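Everything on this sheet refers to the single structure shown next.
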Amino acid sequence: MVKAKNGIKITGREPPKIGVYICWCGINIGGVVDVPKLCDYARSLPGVSLASEYKFMCSDIGQGMIMEDIRAGKVNRVVVASCSPRMHEETFRRACEEGGLNKYLFEQANIREHCTWVTMNDVPGATRIAKDHIRMAIAKAGALKPLEITTVKVEPATLVVGAGIAGINAALDLANSGYKVYLVEKSPTVGGHMAQLDKTFPTMDCSSCITTPKMSEVARNPNIELMTYSEVVSLDGYVGNFQARIEKYPHYIDQDTCTGCGHCVDTCPVETGNEFELGMKPRKAIYLSFPQAVPGEYTIDMNHCIKCGICAEACPTSAVRYDDKPEYVDIKIGTIILATGYDPYDATRMHQYGFGRHKNVINALQMERLLSSYGPTEGKVKRPSDLKEPESIVWVQCVGSRDFTGRGRKYCSRVCCMYATKQARSYKEKHPNAQIFIFYIDLRAFGKGYEEFYMDTAKNYGIKFIRGRVAEILAGKNDNVIIRAEDTTLQRPLELEVDMVVLSIGLEPRADIDDIARIFNVTATKTEDGFLMEAHPKLRPVDTLTEGIFVAGNVVGPKDIPDTVAQAKAAASSASTLMSQGEVEIIPYYATVIDHKCAGCKSCIGLCPFKAITFNEIESVAEINDILCKGCGTCVAACPSKAIVQNHFDDAQILPMIETAIPRKLQKEEVKVE
Amino acid sequence: MASSDLKFALFLGCVIPNRYSFIERATKAVFEKFKIELIEMEGASCCPAPGVFRGFDIDTWLVVGARNITIAEELGLDIALMCNGCYGSLLEVNHTLKHDKEKKRMVNEHLAKIGREFKGIAKIRHVLDIMYHDIGPEKIRSRTKYGRKTPLNLNLALHYGCHLIKPRDIRPWNNEVENPTFFDELLEISGCKSLNYRDKFMCCGAGGGVRGAFKELSLDYTREKLENITAAKADAIVTCCPFCHLQFDLGQVEVNNIFKDKISAPFNIPVIYFTQLIGLAMGMKAEELGMIRSPDLKGVPPFTPVKPILTKIGESA
């Protein structure tokens, strides 16, 4: 326990002397309920030795009141009736600690969010609710026990999952700070989606030109252990001491012997769709993802390989291994950064746009590949039906985004307005006579230089921006495409026949996001949109609720490259903050098993979402790892013999609260139960 | 599922008994083959029409609709109906009254005067819904497989109609409104091809009181649909609603007159109701399905002859 500055140490084992401090919060509380009267009420309750009020309890003066009373020996339990504990619990706890009181002998009654904010027009009602909250907090305060904080050592190594631009940046920052980094990537190469893009907005610099140096840097950095074509299959441990098991998929080629000559690819008779080119170019069953792939490791795709043996014969160094097996690697790390990215929205779900039915309706990621100088058409955009260079193209915005019909996602994907503008501009630069239209609902150009980029494109490139969501896309003559929409600025319906349509698809959570959440124990943080949720959307944007696990990039929600990189660097910084301390404090809310009560039924073990409970076969009792335990209380409620007690929330503390919340007398007289 | 246990109260609506009794005949004949009993609803009135009645007075629409539903409730049966308009009306009346206590109280006050009460226990089912979900494509396929010596092999232009699929949240089509395929799936079982024509999901032109109020405008819609259907080289138009049926059948004659100068050639595309087509695929005779008018059958014959397709499939008498 942290010793108080003045040397006084009150443990709380003495009989309770509860100090109640009621906050006005300006007019937030004081403008609705009569605070001095609440003080009088608090004084009348058993165990209360004093009750004070102040305009802002969270101010230095307010905190000083608490500290003084503790030091003067007037109080040994503190109740503050103010805002939500999420807001100021830590503030008041620190004040208690500084005054010399164990900080877990503090209890906060929320009479702002839970009371005066929601019942501001009903003064008697608000007063009654405030009294209830204060009474309950006092009841609990009397039964509080001092708790000790434990600390654990932190392993100075990080696991970064996903080697897109987010993972690459996080890994490089940590490696350059001297930490060991394991960078795990599912596909055979690093680079992620950014490697597929042609140019980046608003600067129009070549995406691969700025990505590839970073890609080779991660491969070269001595502190980074790059594991491509690998996946994290299980995770154990806790903040500072995680153990991860990584499966390395078999390449079926011995990477040490392979010289990367590519003879095998020339001889392989099997052709299948190239994922990197979104199916627009074939690849062989033995392949290298794309020319700049890092690491440049050849792989056999066993789903398509017919094991004819030709590549094995063609290989000058006999590197082909058909019997290659997956390898498992166990690593120890202190922190984890999840940067698993996104999936592009599958436009076939928007039936009215005919993606997959009309040949010349493509998605924007395919357009990126068509525009790319090392894409399937070497930068000459051609429409799929007849390989003609389109003379007219329509971009359809918000495909799968801002959709409330259930087939798309409700959120704005944040990048589509800008990438469509960028793609249209790229095409127009090479084809000045082409007719280009962008159909949008709202054009969102919010980033640095984005509005200027949009205005420049609209004014100087002759690209027509039409406000109106496209209603449907029909097949026209010669595989042309017909667009139907309403021009909402002119309030006129509109029909347009063009050579090709590009659907500006949104960004979705990865299809395997649930597996990721399950393996890394961040299931509980999944929000409505399907992405992983940050611990606090504004103040803890790269933390998860599982300590030691951070998030970066599109795994939390759609964002552009600058934001992704910023978040990656923030996650790296958060991880290194944790690791540089050497050890971390664990909140002592964990549950403990009372051995003599435990019947060894094991029902708690399967219920624990944090895998914190193990079974001691010798003693035949359950054991809870106090560091893994997050204090959710599931096992406490489930234990049939009431053998599990949770610190700070035990029955002796919760039952008096319930008891006093609805006293028997009140049940009969004041509270009318409908 | 033991289909022999199925029993529905058959709601006829207005157009079928007055104009196209063959729709009732064909539907009953086909359902009998699947051992589904259709019980008459004695005293049933107009649904009432969703566009016309609801458009003017929602409460009247609710009361009259609820009265019809109570007839089925008394029989203890769900309602089966053959018309998209009736489907829209009764389905939405039923839904509104099940969820709006205030409206239900108002309706039941009125119904009490004639000794009736809306309870909200009957389901409203389109025959297409029953065929697709209760009988199921597999069962129909097994019945059509040996029904005819030769498959029908027609090119058909399907028309879904409006009330059948929208609003989607209370309908059984899995939230699909933009590109539903259940009707196509059902009819392709017969061996025919469902054509993908331009603006397949456009309105026939009749609904919403448009035919009543602005006939020429309404027929202009029909003309556009007919042109698109002709461009796709359809042998016949298949409907699942008597009002759409009327608009395509009688409408062709009217379009040929009104838009003489606008169209390149007069239209003459047979229009058939989908149970007739399924009946044919199952090997039933054209007479049984009301496609060749027997002297005892009431109502009018189709305005646009269906003979061409009967000839094409060798069923012509």
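The values are calculated or read from the model by the stated rules, or taken from the named source; none is laboratory data. For clarity, every value in this text was computed on a predicted model and none was experimentally measured. Positions of Cβ are generated from backbone atoms using ideal geometry, with glycine treated the same way; all protein chains shown enter the neighbour counts. SASA here: full protein model, heavy atoms, side chains in, ligands and nucleic acids out. Shrake-Rupley method; radii C 1.70, N 1.55, O 1.52, S 1.80 Å.
With a simple spin-label model that places each label point 7 Å from the Cα along the Cα-to-Cβ direction, the separation between B:GLU40 and A:LYS359 comes to 5.8 nm. Principal-axis analysis of the Cα atoms of chain B puts helix B:242-258 at an angle of about 50° to the longest axis. At 222 nm, what helix-only mean residue ellipticity would chain B give, in deg cm²/dmol to the nearest 500, using -39500 (n - 2.57) for each DSSP H run of four or more? Computed ellipticity for chain B at 222 nm equals -12500 deg cm²/dmol.
Computed from label points 7 Å out along Cα-Cβ, the spacing between A:VAL265 and A:PHE649 is 5.5 nm.
The alpha carbon centroids of the range B:18-45 and the range A:296-338 are separated by 66 Å. Normalised by residue number, the volume inside the convex hull of the Cα atoms of the range B:206-273 is 76 Å³ per residue. For A:LYS602, a cut-off of 12 angstrom between C-alpha atoms picks up these aspartates and glutamates, skipping any fewer than 8 places away in its own chain: A:GLU617, A:GLU623.
Shown for the range B:174-201: residues covered by the partner protein chains by 20 Å² or more of accessible area relative to the chain by itself (probe radius 1.4 Å), namely B:GLU176, B:GLU178, B:ASN179, B:ARG198, B:ASP199. Taking the range A:592-652, how much of its Cα-Cα pair set, in percent, is spaced more than 19 angstrom apart? Percentage above 19 Å: 17. Once the Kirkwood radius over Cα pairs is known for the range A:292-360, the Stokes-Einstein relation at 37 °C and 0.692 mPa s delivers a diffusion coefficient of 185 µm²/s. Please determine, in degrees from 0 to 90 and to the nearest 10, the orientation of helix A:651-661 with respect to the longest principal axis defined by the Cα atoms of chain A, where the helix direction is its Cα long axis. It works out to around 80 degrees.
To put it simply, the accessible area of the range A:447-496 at a 1.4 Å probe is 49 percent carbon and sulfur. Computed from the alpha carbon atoms alone, the convex hull of the range A:422-549 holds 183 Å³ per residue. Size of chain B: Rg and Dmax of its alpha carbons, in Å, are 19.3, 58. Taking every C-alpha pair closer than 8 Å and separated by at least 6 residues, the mean separation divided by the residue count of chain A gives a relative contact order of 13 percent. Measuring heavy-atom accessible area with a 1.4 angstrom probe and counting protein chains only, the residues of the range A:445-477 that give up at least 10 Å² relative to the chain alone are A:LEU474.
Across all Cα pairs in the range A:527-674, the calculated P(r) in 10 Å bins from zero up to the longest distance comes to 10, 26, 23, 23, 14, 4, 0 percent per bin. The residues of the range B:202-276 expose, per residue, 38 Å² of accessible area to a 1.4 Å probe.
In terms of distances greater than 28 angstrom between alpha carbons, the cross-link table entries A:LYS74/A:LYS630; B:LYS103/B:LYS200; B:LYS193/B:LYS225; A:LYS410/B:LYS225 yield A:LYS74/A:LYS630; B:LYS103/B:LYS200; A:LYS410/B:LYS225. Considering all C-alpha pairs of the range A:103-213, those separated by over 20 Å amount to 68%. For the pair A:ARG86 and A:LYS611, a Förster radius of 30 Å applied to the C-beta separation gives a FRET efficiency near 0.65, rounded to the nearest 0.05.
Residues of the range A:380-409 whose accessible area (probe 1.4 Å, heavy atoms of protein chains only) drops by at least 10 Å² once all protein chains are present, relative to their chain alone: A:THR405, A:ARG407.
Packing around the peptides B:168-175, B:87-94, B:45-52, taken as the average count of other Cβ atoms within 10 Å per residue, puts them in this order, highest first: B:87-94, B:45-52, B:168-175. Summing both sides, the accessible surface hidden between B and A at a 1.4 Å probe radius is close to 700 Å². Expressed to the nearest 5 percent, the antiparallel share of DSSP beta bridges inside the protein assembly as shown is 45 percent. In chain B, carbon and sulfur make up what percent of the accessible area (probe 1.4 Å)? Carbon plus sulfur share of accessible area: 52 percent.
The antiparallel fraction among DSSP beta bridges confined to the range A:147-274 stands at about 55%.
Note on the range A:195-345: Cα convex hull, mean projected area over all directions, 11.5 nm². Note on the range B:1-150: semi-axes of the ellipsoid equivalent to its C-alpha gyration tensor, largest first and rounded to whole Å, are 31, 16, 13. Using only alpha-carbon positions in the protein assembly as shown, the gyration tensor eigenvalues give semi-axes of 62, 45, 28 Å once each is multiplied by 5 and square-rooted (largest first). Rg over Rh for the range A:351-485 works out to 0.94, using Cα positions for both radii and the Kirkwood form for Rh. The residues of chain A expose on average 45 square angstrom of accessible surface per residue, using a 1.4 Å probe on protein heavy atoms. Stretched out straight at 0.36 nm per residue, the stretch from A:GLU585 to A:ASP386 would grow longer than its current Cα-Cα span by 65.2 nm. Sorted from longest to shortest, the spans of the Cα atoms of the range A:278-332 along the three principal axes equal 40, 28, 22 Å. For A:CYS308, B:CYS244, the ranking by accessible surface with the largest value first comes to A:CYS308, B:CYS244, using a 1.4 Å probe. Between helix A:450-460 and chain A there is an angle of about 30 degrees, using the helix long axis and the longest principal axis of the Cα atoms.
Amide H to amide H, with H built 1.01 Å from N, A:MET280 comes under 5 Å of A:ASN274, counting only residues 5 or more places away or on other chains.
When the listed pairs A:LYS464/B:LYS215; B:LYS233/B:LYS285; A:LYS180/A:LYS284 are checked against a 29 Å cut-off, the alpha-carbon distance exceeds it for A:LYS464/B:LYS215; A:LYS180/A:LYS284. Stretching B:ASN268 away from B:ARG105 to a fully extended chain increases their span by 53.6 nm, per 0.36 nm per residue minus the current alpha-carbon distance.
Taking 7 Å steps out from each Cα toward its Cβ at A:ASP256 and A:THR405 produces label points 5.7 nm apart. When you count the other C-beta atoms within 10 angstrom of each residue and take the mean per peptide, A:277-287, A:432-442 line up highest first as A:277-287, A:432-442. Ranked by the mean number of other Cβ atoms within 10 Å per residue, highest first, peptides A:570-582, A:165-177 order as A:165-177, A:570-582.
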